[in-house]
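Peer 1: One structure follows; several queries about it will come next.
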Amino acid sequence: MIGFLLEVYGNTPEVGRTVVDTVNEVTGHPARTFARWAVEHTNAFKA
């Protein structure tokens, strides 16, 4: 299975793994990391 996944995803097109600045362009603010978002929304996950 690992061999298959490496073959299929090992040579993905550059466009699929390129970081772009779309969030900043659209909102005027830099994107947050998932970790930052999770910290900011900790209370939403408390029981």
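The values are calculated or read from the model by the stated rules, or taken from the named source; none is laboratory data. This one's a predicted model, so the numbers in the text were calculated from it and none came from an experiment. We place every Cβ from the backbone using ideal geometry, glycine too, and count neighbours over all the protein chains shown. These area figures cover heavy atoms from the full protein model, side chains too; ligands, DNA and RNA do not enter into them. Shrake-Rupley method; radii C 1.70, N 1.55, O 1.52, S 1.80 Å.
Peer 1: Suppose we keep only residues that are farther than 23 Å from Val20 by Cβ and in a helix (DSSP H, G or I) within segment 33-47. Which one would you say is modelled with the lowest pLDDT?
Peer 2: Once the filter is applied, the top-ranked residue is Phe45.
Peer 1: Just give me the residues in segment 8-32 being part of a helix (DSSP H, G or I) and either open to solvent by 80 Å² or more (accessible area, probe 1.4 Å) or on the phi > 0 side of the Ramachandran plot (or both), in sequence order.
Peer 2: Tyr9, Glu14, Val15, Arg17, Glu25, Val26
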